[in-house]
Amino acid sequence: NAGVMQNPRHLVRRRGQEARLRCSPVKGHSHVYWYRQLPEEGLKFMVYLQKENIIDESGMPKERFSAEFPKEGPSILRIQQVVRGDSAAYFCASSPDRGSEEKLFFGSGTQLSVL
Amino acid sequence: GESVGLHLPTLSVQEGDNSIINCAYSNSASDYFIWYKQESGKGPQFIIDIRSNMDKRQGQRVTVLLNKTVKHLSLQIAATQPGDSAVYFCAECERSGYALNFGKGTSLLVTP
């Protein structure tokens, strides 16, 4: 009974490199959300995806950040040309449908450190 | 923009006592509220939710109270246990199915 799986758990990148964060939702869940958490802060919404569609990306920075959730495979959050300010914990959550927050499961996150 | 925030950043209680964690929100259109528990190195875990047409909801050892008049939300934990030590977040959204807005969190420390 696997939950939301995120990898890697820790990712270290130098400024200017690319970061790829992966999220495999709970089996059967077709809705994925990405959140970012800075130290001692709450989670900030970034993007909401369904299979092959971006539903809401209002929380995504306009540049360098992109997300996808292909028909097959995990959801990917991609950060190009990382800067120190991108250092944070990135959490993915999945749900079986829209409007099921009580069934929203979070992964353990990817801690991104930019040197 | 509008925000969700917490009154107390840290709360220390003795094992067996009741805990109350408070949350203030400013978005009058908020319709749905959730409390999450986050342990170190883990993602948030759903505890309990409440919709704006209710003012109280109870779960196992937890109760959420909603006061829409003053835009205040609280989480009560009965007979607090060491395993309850974590950071607690309130979150809200205007409608179910839309992005959740999280507060900054309250760290609950349960002492023996």
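The values are calculated or read from the model by the stated rules, or taken from the named source; none is laboratory data. Since this is a predicted model, take the numbers as computed values, not measurements. Using ideal geometry, Cβ is built from the backbone for each residue, glycine included, and neighbour counts are taken over all protein chains shown.
Residues are listed down the side, and each one gets a yes or a no for (1) under 30 Å from A:Val32 (Cβ atoms); (2) modelled with pLDDT of 95 or more:
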{"position": "B:Ile34", "(1), (2)": "yes, no"}
{"position": "B:Pro44", "(1), (2)": "yes, no"}
{"position": "B:Ser52", "(1), (2)": "yes, no"}
{"position": "B:Lys56", "(1), (2)": "no, yes"}
{"position": "B:Lys68", "(1), (2)": "no, no"}
{"position": "B:Thr80", "(1), (2)": "no, yes"}
{"position": "B:Phe102", "(1), (2)": "yes, no"}
Requested in this report: Can you confirm whether the range A:67-75 contains a residue that is touching a strand residue (DSSP E or B) at 6+ places or on another chain (Cβ under 6 Å), touching a residue at least 40 places away in the same chain (Cβ under 8 Å) and under 18 Å from A:Phe105 (Cα atoms)?
Outcome: yes
Query - Which numbered condition B:Leu8 fails, given (1) in a loop (DSSP other than H, G, I, E, B); (2) at pLDDT 95 or above - result: (2)
**Report entry** Which numbered condition B:Ala91 fails, given (1) within 14 Å of chain A (Cβ to nearest Cβ); (2) in a loop (DSSP other than H, G, I, E, B)
**Finding:** (2)
Report task. Kindly establish whether A:Gly73 is closer than 12 Å to A:Tyr90 by Cα, more than 12 Å from the chain's Cα centre (by Cα) and not aliphatic (A, V, I, L, M). Result -> no
Report summary line: Of the conditions (1) without any contact (Cβ under 8 Å) to a residue 24 or more places away in the chain; (2) surrounded by fewer than 21 Cβ atoms within 10 Å (Cβ to Cβ); (3) within 14 Å of chain A (Cβ to nearest Cβ), the single one that B:Thr69 does not satisfy is (3)
Query raised in the report: Does the range B:18-60 hold any residues that are surrounded by 14 or more Cβ atoms within 10 Å (Cβ to Cβ), assigned to a loop (DSSP other than H, G, I, E, B) and in contact (Cβ under 8 Å) with a residue 60 or more places away in the chain, and which are they?
Result: B:Asn27, B:Ser30, B:Asp31
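Condition first: within 14 Å of chain A (Cβ to nearest Cβ), more than 24 Å from B:Tyr32 (Cβ to Cβ) and not basic (Lys, Arg). Can you find one or more residues in the range B:96-110 that meet it? Don't jump to the end; show me each part of the working.
Within the range B:96-110, the first condition is being within 14 Å of chain A (Cβ to nearest Cβ), and the residues that meet it are B:96-107.
This time we only want the ones that are more than 24 Å from B:Tyr32 (Cβ to Cβ), so: B:107.
Adding the requirement that they be not basic (Lys, Arg) leaves B:107.
Within the range B:96-110, one or more residues are within 14 Å of chain A (Cβ to nearest Cβ), more than 24 Å from B:Tyr32 (Cβ to Cβ) and not basic (Lys, Arg).
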Report task. Hey, can you tell me all the residues within the range B:74-88 that are surrounded by 22 or more Cβ atoms within 10 Å (Cβ to Cβ) and within 14 Å of another protein chain (Cβ to nearest Cβ)? Result -> B:Tyr88
